[in-house]
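Engineer: Got a structure here, written out as structure tokens. Questions coming.
What follows draws every value from the coordinates through simple rules; no lab data is involved. These numbers come from a predicted model, not from an experiment. When we count neighbours, we look across all protein chains shown, and the Cβ atoms used for this are built from the backbone with ideal geometry, even at glycine.
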Amino acid sequence: MMYKTIIVCGVFICSVYNLYSQAFPFPQNKQYPYGYMSKAITPAYIQKNYEYWKQHAVYMCNTHEARIMKFPNDNQTTVSEGIAYGMIITAYMGDKQLFDNLLNYYSARTNCRGMMNWIYKDCETGDNKKNGATDADIDIAFALLVAAKQWPQDTRYKQKASMVIDSLQKYCFVVCNGEIIQKPGDDFGGCYCTNLSYYSPGYYKIFGLFKKQEGNLNAYSFWEKAYFDVYSTLLKNAHPITGLVYAWTNFEGKDPQNCYYEVTGSGTYNSYQYDACRTPWRITMDYVWFGNEQARDYLQRISRFVQAPIYAQYDSKGTIWYGGGGIQNIVDSYWTNGLRRINPDYADWGHRHAIAFVGSFALASMATNQSNVDICMNELSTLQALRYYESSLGLLYSLLASGNFWNPL
């Protein structure tokens, strides 16, 4: 009798697996409509790093909830950003069980606006009133659209994505001098405090198209306008030669006001640090999916900085700037004029050849030429991250670099 029960359960498990098998199993290795690609980032490299990330970053709170730990230094802390990264990664890797466990963790920790509170300790649950971080919720909305494409039989994902996108529009954007600006949080920031590394114009385009499919033309118009307005703010702040941006700015591209500088990501608000380093990654998505010319020009500017010699140089007006010295010499903190921001008392900040910076700059090369892409991606393929932030970003970068960060619409 016990043997028969095991057989029945096994058949049931197989049936559930077949019902929700991936529509786009990893690896896809798709050729994007725009940009150059390299084969240096292999499926084996990604799979190896994925297994490392799962082993070190994932903690099961119970049988149906998983959180992402800030390993190795702070395993008690989970931030919404980490949950979002995990949901994107697992959706593209086709890991439905872990995706659902992360989604359950997220859903049990949202506030009255439908945003996940940005920080939790251990497996603490409920609304802790800490408010949301927009980059996390916007990544989660996107991850849900990827999941809806990956497992189309599970209709929860599309419904949840629609709700999160609506909440983002309502609570996480403001209009400043006629332009739509993304706030850094649902209850934080606005016209005079915004974070450029949170901007994801490729997502805006996808959210708009998704809302158009639903028949919500007002939402479509909102996201289309946000898609174009984001570049206005980005390009106002980006250094005219290096392309490097402030971590925190205002809608005019100048110094922010009323920001909480304790969240500046290991650096000052006007430096290119561990927050700002993600900006080329987010802009590269838009370029390879939609071919936006402003995205291409921005990424080419970033790539020229990366390739330029490290020593001091001058523009036509005599303004001093510095190059990155090639992808192999990239470090983990800069002033926006390209000068390394070195902290002699700390192991980071201008010392480390960190994947968070190297990988994002490598992605920017996808808007340049094949030779440059090959050089940059070969360098990225030699790196392995050993910490939460870089391990998560390294996977996201690698998925995009290899054609495995496909457009879900």
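Engineer: State the Cα centre-to-centre distance between the stretch 174-244 and the stretch 62-102 in whole Å.
Structural biologist: 26
Engineer: Please give, to one decimal in nm, the separation of the simple spin-label points placed at H353 and Q76, each 7 Å out from Cα toward the Cβ.
Structural biologist: 3.6
Engineer: List the relative contact order of the chain as a percent without decimals, with contacts defined as Cα pairs under 8 Å and 6+ residues apart. Show your work: numbers first, answer last.
Structural biologist: Numbers: 792 pairs, mean separation 74.0, N = 409.
Once divided by the residue count of the chain, the mean separation gives 18 percent.
Engineer: Next question, about the same structure. Can you tell which of S381, S197, S392 shows the greatest fluctuation in a Gaussian network model of the chain with Cα springs below 10 Å?
Structural biologist: Its mean-square fluctuation being the largest, the pick is S381.
Engineer: Continuing with this model, one more query. Can you give me the convex hull volume of the Cα atoms of the chain, divided per residue and expressed in Å³? Could the numbers behind the result be given before it?
Structural biologist: Details: hull volume 59.0 nm³, N = 409.
In the chain, the Cα hull volume divided by residue count equals 144 Å³.
Engineer: Filter the trypsin sites (Lys or Arg not before Pro) in the stretch 286-326 to those in DSSP coil with at most 13 other Cβ atoms within 10 Å of their Cβ, and list the result. Present the calculation step by step, with values, prior to reporting the outcome.
Structural biologist: On the way: sites: R296, R301, R304, K317; in loops: K317.
Passing both the DSSP loop test and the Cβ count: K317.
Engineer: Name the residues whose placed amide hydrogens come within less than 5 Å of the amide hydrogen of F173, ignoring near sequence neighbours (fewer than 5 apart) on the same chain.
Structural biologist: Those lying under 5 Å, H to H, from F173 are K183.
Engineer: Specify the residue with the greatest mean-square fluctuation among Y220, Y199, Y287, computed from a Gaussian network of the chain linking alpha-carbon atoms under 10 Å apart.
Structural biologist: Between Y220, Y199, Y287, it is Y220 that shows the largest mean-square fluctuation.
Engineer: With labels modelled as points extended 7 Å from the Cα through the Cβ direction, what inter-label distance (nm, one decimal) is found for S371 paired with S316?
Structural biologist: Taking the two extended label points, one gets 2.6 nm.
Engineer: Between L102, L168, L386, where does the largest GNM mean-square fluctuation fall for the chain, given springs only between Cα atoms within less than 10 Å?
Structural biologist: Evaluated over the chain, the most mobile residue of the options is L386.
Engineer: Going 7 Å from the Cα of D154 along its beta-carbon direction, which residues of the stretch 106-131 have the amide nitrogen within less than 20 Å of the resulting point?
Structural biologist: 106-110, 116
Engineer: Per DSSP H run of at least 4 residues, take -39500 (n - 2.57); add these up for the chain, divide by its residues and hand me the 222 nm value, nearest 500 deg cm²/dmol. Each step should come with its number before you reach the end.
Structural biologist: Working: 13 runs with 189 residues, N = 409.
Calculated mean residue ellipticity at 222 nm is -15000 deg cm²/dmol.
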